[in-house]
1. Given the criterion under 18 Å from Ile138 (Cβ atoms), touching a helix residue (DSSP H, G or I) at 6+ places or on another chain (Cβ under 8 Å) and of a type in the set (D, E, K, R), identify the matching residue among Lys63, Lys81, Lys76.
2. Leu148 passes all but one of (1) over 25 Å from Ser16 (Cβ atoms); (2) away from the ligand (no atom under 14 Å from the Cβ); which number fails?
3. Hey, any hits in the stretch 126-134 for a residue that's out of contact with any Phe, Trp or Tyr (no Cβ under 8 Å at 6 or more places or on another chain), basic (Lys, Arg), within 15 Å of the ligand (Cβ to nearest atom) and in a helix (DSSP H, G or I)?
4. Kindly indicate the residue of the stretch 81-125 that is within 16 Å of the ligand (Cβ to nearest atom) and small (Gly, Ala, Ser) and also farthest from Trp11 (Cα to Cα) among those meeting that condition.
5. Hey, could you check the stretch 21-52 for residues that are more than 15 Å from the ligand (Cβ to nearest atom) and of a type in the set (Lys, Arg) and say which is surrounded by the most Cβ atoms within 10 Å (Cβ to Cβ)?
6. Looking only at the stretch 53-63, decide whether some residue is among the polar types (S, T, N, Q), within 14 Å of the ligand (Cβ to nearest atom) and surrounded by 14 or more Cβ atoms within 10 Å (Cβ to Cβ).
7. Show me the helices (runs of 4 or more DSSP H) entirely contained within the stretch 1-70 in which 3 or more residues are modelled with pLDDT of 95 or more and not hydrophobic (A, V, I, L, M, F, W, C).
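The values are calculated or read from the model by the stated rules, or taken from the named source; none is laboratory data. All of these numbers come straight from a predicted model, not from anything done at the bench. Virtual Cβ from ideal backbone geometry, glycine too; neighbours counted across all protein chains shown.
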Amino acid sequence: MKKKSHMSWSWIFIVSFFVLSILDFRFGILGFVCMGAPVYHALRGRGKVHCSHYCPRGSFLGKFLQKVSLNKTMPKWMRSKVAKNVLLILMLTLLTVSMIHAKGNFYKIAFSLFRFMGASFIVGIMMGIIFKPRSWCIVCPMGHGTGLIKKAKDSKNKKKDKKNKIAA
Ligand code: SF4
């Protein structure tokens, strides 16, 4: 059965996340859900379903930047594998460093996540204004990471199928 997309309204979650986190930084801890959801779906073998059906950030960018976007095409180098990998590694490194610095303190962890989510959201909006509305999705570390998990799963399944065919 085809899954229903919730992209027309899921932006409400990202707006709520920022409103709540500004009121109380502790809500920033919900950033783990935002980052974990795409990975969870990919690990369950659902590929990039989060990006196409649920992502609140993608929903926001697609919905609100349509009218203000200059709709320019992103330069080739920004869409390259190297750029995506660099951004993914940078994000993981920054996240790890901020978690180490937080030393298990809930407030600090939540604040780091809020800051992290906020910074990437601002970059995503700026990219969406200059380039096409959902340009951030081309380089998004979560989307890229999910794609890598999907690739690894697909190749594992292919190998399994091959083995089964030989054994049959
Ligand atoms: S690429 Fe990133 S921002 Fe875009 S839909 Fe996927 S997880 Fe969301």
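1. Values: Lys81 fails: touching a helix residue (DSSP H, G or I) at 6+ places or on another chain (Cβ under 8 Å); Lys76 fails: touching a helix residue (DSSP H, G or I) at 6+ places or on another chain (Cβ under 8 Å).
None of the others qualify; the one that does is Lys63.
2. (2)
3. no
4. Ala83
5. Arg26
6. yes
7. Numbers: elements: 11-23, 31-43, 56-64.
Answer list for the stretch 1-70: 31-43, 56-64.
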